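All remarks here apply to the structure that follows.
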Amino acid sequence: MEDKSEFLCGVVEGFYGRPWSVEQRKVLFQWMQRWGLNTYLYGPKDDLKHRLLWRELYSPEEEAQLKTLVREAEFRGLRFVYALSPGQDMVFSSSCDLTLLKRKLRQVTELGCQAFALLFDDIDHSLSQADSEAFSSFAHAQVSVANEIFRFLGEPSVFLFCPTEYCGSLCSPSVAKSPYLLTVGEDLLPGISVIWTGSKVISRELSADSLVEVQNVLQRPLLVWDNLHANDYDSRRVFLGPFKGRPPSLRSQLRGLLLNPNCEFEANYIPLHTLGHWHRTGAQILKGGAGQYCPEEALSAALQDWMEELSQPLQPGVCVCVCACVRVWPCRRSSATHTKQAGRDMPRDKERAVSVLHHSPSLSLSPCLSLSLPLPLFLSLCLYPPPPPPPQVEEWRVRAGRFLAACDDVARLHVSVVNSVNRAVLYDLYPYIWDLRNTVLVAKAFVSWLDGRVLNDTQSLSSWRNCFHWCGVAMGADVLGVESEPWVFKGGLSGEVQMLLPIGTSTELFTHPPPLFPTCRLYNIRPFQLKDKVELYRMVRQLHLKTQGKQDSAQPHPDLIGDRYLGASLALCPEYSFVLEDELGVCGGALGVLDVRSFSKRYQASWLPAMRDKYPTRPHGGAQEALLQFQEEQADYPDSLLYHFPSQVWLDALPELVDCSLTRSLLTALLTALKANGSQGVFCDVLPTDRQRLELLAKLGFLEILRGEARPREGVVLGRLL
């Protein structure tokens, strides 16, 4: 007979998203055995036969897989809890549905499972017509089915019930006065344990006082379904921090605690390792021993174990979570040297990682950033101090320099993950690190752009000092408040950085799927420098000639194409020009004109005369034609367009650029600078045959704004508001 008083501590696979594989669960069971955890609850929301098709029996192949898991858990000394979620469409008064539910659970019982759960979370409260006639309330219907199934299974020692009101914020009108919870507490058989998530769906903290009220209503100890590390509600966030915010002494009041972790299996090493530390500490306290759970110490121990596992070579036929060449933080040594010296270098490297990961796991923190402040706060200090008098300019630049160095660390972390030999780790963590890298590329470009304007701008308008008017200063913590659920503010660390930028509310500029083939090439986006003109000219000339099918020797002057498309912007308003570069040099450019009206006047007054001098008329040359092309390029745009879209942009990149998201980030950096200096909208001309560019701009929120005779040239004019 199993001990019904044993504290259930472990993992609930209860997230929305792709369920874990059988091999991943086997690795999970190894982790749990190693770290002293004892319970696994099977309840993935997107397993069709768990929730949507709960009535259907498992096929022979599925039976074999489930039986393998049950036996593997038993071999590891773990309790395997099988859960069903029939509440979406079950008719509680239907004898047919009840029979099908029993049939399904009997099949699982025959596979060796002895612990079960019925989950009625995230469903509609309303009853069908038949159920309304059979039951006095929704709670009575659920309790009736749960009691029936509990008796049918022989009153197992572990039988869990997840109510529809499973946290304080979902109770109506309150926990103490909820008719639903009162019915569950009074009518549910005492051998059934009730699942609870805390005051919120995702509770920042759990305390004994916060649980007393609901335990009194439900008349039994609770089992906590802990969503602290769950990330299924936010595709841009992953939680790598330690288990925290729950005192180990809680276990004396609870039936158990199961952690619902990240969807990405490989991201859960630290959360589950530290949960095991918490569980063991609680057991020591319960026995009267001395013990105190420190999340930072637990994190340090988890990182050390992870590093030891990283240094182990892969064995044929053995599935491990990580491998030797994965680096949690950038390492400039070769993987062989890193493995050889892992023991000697561990304390310093581990301390560097701990300095970041000790922050709340409610942020998707990158372990490469060795900062004493969380990165969003650090960025806000760099970007948004009060306009400094001259003595404070240097301080601002010191802060900016530290931030730029942190951005470089993110880029190197991205490269380290891509170079990982263990592809499971790569594909689980890559989307998040890639997203952070892209957001940080834009932030770094913006900080560099501001830095170049601190001492150079003397005008009262359109100066760097006015940029701060357009920038958001609120971070996620400010938006959330103490009582808000985490999904109120999405994006994790990437989202925090994004929201600090002037254009941070334009989510379509920041959210996009990662490339199918990750690249380890280092990229950088920065403001234009005079030395870049030659490479930009060369790039645009190559692209133009390739489009026209011509040879370079066919051009009368090597600068003709560059002068035509880029020259005026680089000469008259270089402060709104950005370049994309990799290890080989410039591979993309984005140019902007803040005010097209004033730019047109300067174009006519200074640029065209300069081009007449550079390309004088010759009887048998192409200069006259080139000059006409310059005049055609500067078309007259109607006032109705310039009123809403006063700024113009140009964007191009080499076709061999593997990661097309970099082009998006490059344009976003330019739009950020334009928005910071007051632009309310931008437009660009695109040839109707350039389908790739039209598609990219459409994804970025650009729409065709001039049609028919209103168009100044044959190009398509696309615009978007900022």
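The values are calculated or read from the model by the stated rules, or taken from the named source; none is laboratory data. Everything quoted here is computed from the prediction, not taken from an experiment. Cβ placement follows ideal geometry from the backbone for every residue including glycine, while neighbour counts extend to all protein chains displayed. Ligands, DNA and RNA are stripped out before the accessible areas are found, and what is left, the full protein with its side chains, is counted by its heavy atoms. Shrake-Rupley method; radii C 1.70, N 1.55, O 1.52, S 1.80 Å.
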>> Could you check region 597-616 and list, in sequence order, the residues that are open to solvent by 20 Å² or more (accessible area, probe 1.4 Å) and either farther than 24 Å from residue 645 by Cα or of a type in the set (Ser, Thr, Tyr) (or both)?
In response: 598, 600, 606, 609, 610, 612, 613, 614, 616
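Output yes when any residue across region 204-220 is within 18 Å of the chain's Cα centre (by Cα) and touching a residue at least 60 places away in the same chain (Cβ under 8 Å), and no when none is.
No, region 204-220 contains no residue that is within 18 Å of the chain's Cα centre (by Cα) and touching a residue at least 60 places away in the same chain (Cβ under 8 Å).
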>> Considering only region 276-292, I want to know if a residue exists there that is in a loop (DSSP other than H, G, I, E, B), hydroxyl-bearing (Ser, Thr, Tyr), touching a helix residue (DSSP H, G or I) at 6+ places or on another chain (Cβ under 6 Å) and modelled with pLDDT of 90 or more.
In response: no
> In region 533-561, what count of residues is obtained for those that are at pLDDT below 90 and surrounded by 21 or more Cβ atoms within 10 Å (Cβ to Cβ)?
Replying inline: 2
> Taking region 106-152 only, how many residues are under 20 Å from residue 45 (Cβ atoms) and out of contact with any strand residue (DSSP E or B) (no Cβ under 9 Å at 6 or more places or on another chain)?
Replying inline: 4
> Of all residues in region 8-19, which are within 17 Å of residue 258 (Cβ to Cβ) and either open to solvent by 10 Å² or more (accessible area, probe 1.4 Å) or of a type in the set (S, T, N, Q) (or both)?
Replying inline: 16, 19
> Yes or no: residue 516 within 25 Å of residue 697 (Cα to Cα), part of a loop (DSSP other than H, G, I, E, B) and either open to solvent by 90 Å² or more (accessible area, probe 1.4 Å) or at pLDDT below 85 (or both)?
Replying inline: yes
> Based on what the data block shows, is residue 156 under 20 Å from residue 82 (Cβ atoms), in a loop (DSSP other than H, G, I, E, B) and over 31 Å from the mean Cα position of the chain (by Cα)?
Replying inline: yes
> Can residue 41 be described as touching a residue at least 12 places away in the same chain (Cβ under 8 Å) and more than 31 Å from the chain's Cα centre (by Cα)?
Replying inline: no
> Out of all the residues in region 236-264, which are touching a strand residue (DSSP E or B) at 6+ places or on another chain (Cβ under 6 Å), open to solvent by less than 10 Å² (accessible area, probe 1.4 Å) and farther than 21 Å from residue 489 by Cα?
Replying inline: 256, 257, 258, 259
>> Just the residues that are surrounded by 20 or more Cβ atoms within 10 Å (Cβ to Cβ), modelled with pLDDT of 90 or more and assigned to a loop (DSSP other than H, G, I, E, B), please, taken from region 674-700.
In response: 679
>> Contact list please: Cβ distance under 6 Å, first residue in region 57-75 and more than 19 Å from residue 101 (Cβ to Cβ), second residue open to solvent by less than 70 Å² (accessible area, probe 1.4 Å) and in a helix (DSSP H, G or I), pairs at least six apart or on different chains.
In response: 65/22; 69/25; 72/26; 72/29; 73/29
>> Among the listed residues 88, 65, identify the single one that is open to solvent by 30 Å² or more (accessible area, probe 1.4 Å) and either in contact with a helix residue (DSSP H, G or I) (Cβ under 8 Å, 6 or more places away or on another chain) or more than 24 Å from residue 145 (Cβ to Cβ) (or both).
In response: 65
> What is the one condition in (1) over 23 Å from residue 693 (Cα atoms); (2) open to solvent by 20 Å² or more (accessible area, probe 1.4 Å); (3) of a type in the set (D, E, K, R); (4) at pLDDT 70 or above that residue 496 does not satisfy?
Replying inline: (2)
> Out of (1) farther than 24 Å from residue 6 by Cα; (2) without any contact (Cβ under 8 Å) to a residue 60 or more places away in the chain, the odd one out for residue 163 is which?
Replying inline: (1)
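In this structure, does residue 118 turn out to be open to solvent by less than 10 Å² (accessible area, probe 1.4 Å), touching a Cys at 6+ places or on another chain (Cβ under 9 Å) and part of a helix (DSSP H, G or I)? Quick ask: steps written out before the conclusion?
Values: open to solvent by less than 10 Å² (accessible area, probe 1.4 Å): yes; touching a Cys at 6+ places or on another chain (Cβ under 9 Å): yes; part of a helix (DSSP H, G or I): no.
So residue 118 does not fit the description; no.
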> Got a number for residues in region 182-200 being open to solvent by 10 Å² or more (accessible area, probe 1.4 Å), assigned to a loop (DSSP other than H, G, I, E, B) and modelled with pLDDT of 95 or more?
Replying inline: 3
> Out of region 274-300, which residues are closer than 26 Å to residue 240 by Cβ and β-branched (Val, Ile, Thr)?
Replying inline: 274, 281
> Of all the residues that make up region 633-659, how many are in contact with a Pro (Cβ under 9 Å, 6 or more places away or on another chain) and at pLDDT below 70?
Replying inline: 1
> So which helices (runs of 4 or more DSSP H) are wholly in region 378-491 and hold at least 1 residues that are surrounded by fewer than 18 Cβ atoms within 10 Å (Cβ to Cβ), modelled with pLDDT of 80 or more and among the acidic types (Asp, Glu)?
Replying inline: 390-418
